[in-house]
Amino acid sequence: LLREGDALRALRERIAGRALLRDLRLRVLVISPLAGGSYPITGYCARALAELGHDVTVLDLAPFAGSMEAIGCFTPKAGARRVVEGAFGRFLGTGILAAVEAAKPDLVLAMAQAPLDATILDEIGRRGALRAFWFVEDHRLFPYWRDVIGSYDHFFGIQQGAFLTEARRVASGRAAYLPLAADAS
């Protein structure tokens with residue numbers, strides 16, 4: 001009888017917790033990449049989160065894509081170009097932190113290839129926002145995920161198998177499979 005009481009109490013607590021989650025409204029900042037195949041997914045995610053009742057802000061970085069492409073105009077030397085690209089990345093990071101400060105999000109959702117490095121991600125975490133990354137890329141073609149996965153609170157990938165096993169190992173278990181879906185609108 002006591003065991004059943006504990007089971008019923010646990011069930012009651014789970015049901016109450018789910019009811020509270022239904023009323024949970026997060027402030028979410030979705031950060032786009034500058035360009036690429038994951039760029040349109042940014043809008044789909046923002047719309048889906050808004051339809052779930054969350055307060056969503058999109059940081060659309062597409063206007064900076066041309067600047068990134070134009071960096072090669074400064075010099076043909078690869079080493080010098082990397083220095084300029086690093087400076088541009090720091091500029092974008094400063095802008096992203098300004099957007100985080102303005103939006104005061106509970107959650108920052110970075111899409112694949114969003115220009116966030118460990119320094120910026122750590123600062124976002126210090127400001128109290130959860131950091132999530134949806135890697136909607138092929139891990140064999142874009143291995144940069146290994147460089148940033150440890151700085152995210154949650155990592156989601158569209159591939160399973162050995163990739164997900166490795167991601168869970170590197171992310172201390174905070175990695176999960178999140179496939180793409182259809183957007184009916």
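The sole residue among 79, 89 that is in contact with an Asp or Glu (Cβ under 8 Å, 6 or more places away or on another chain) and open to solvent by less than 50 Å² (accessible area, probe 1.4 Å) is 89.
Please find, among 114, 162, 98, 132, the residue that is within 25 Å of residue 70 (Cα to Cα) and surrounded by fewer than 21 Cβ atoms within 10 Å (Cβ to Cβ). Break it down into steps so the answer makes sense when it comes.
Values: 114 fails: surrounded by fewer than 21 Cβ atoms within 10 Å (Cβ to Cβ); 162 fails: within 25 Å of residue 70 (Cα to Cα); 132 fails: within 25 Å of residue 70 (Cα to Cα).
Every option except 98 fails the conditions.
Among the residues making up segment 117-129, those that are crowded, with 18+ Cβ neighbours inside 10 Å and within 11 Å of residue 106 (Cα to Cα) are 124, 129.
Among the residues of segment 135-173, write down those that are part of a strand (DSSP E or B) and out of contact with any helix residue (DSSP H, G or I) (no Cβ under 7 Å at 6 or more places or on another chain). Break it down stepwise before answering.
Applying the first criterion (part of a strand (DSSP E or B)) to segment 135-173 yields 135, 154-157.
Listed by number, the residues that qualify are 154, 156.
A Cβ distance below 6 Å, combined with a sequence gap of six or more or placement on separate chains, defines the contacts here; from segment 120-137, residues that are closer than 17 Å to residue 168 by Cα reach residues that are among the acidic types (Asp, Glu) in the pairs 131/153. Residue pairs whose Cβ atoms lie under 8 Å apart, sitting 6 or more positions apart in sequence or on different chains, and linking a residue in segment 158-175 that is without any contact (Cβ under 8 Å) to a residue 40 or more places away in the chain to a partner that is part of a loop (DSSP other than H, G, I, E, B) and open to solvent by 60 Å² or more (accessible area, probe 1.4 Å), are 158/178; 158/180; 168/174.
The values are calculated or read from the model by the stated rules, or taken from the named source; none is laboratory data. As the structure is a computational prediction, the values presented were derived from the model and not from experiment. All Cβ positions, glycine included, derive from the backbone under ideal geometry; neighbour counts span all protein chains shown. Only protein heavy atoms, including side chains, enter the accessible area calculation; ligands, DNA and RNA are left aside. Shrake-Rupley method; radii C 1.70, N 1.55, O 1.52, S 1.80 Å.
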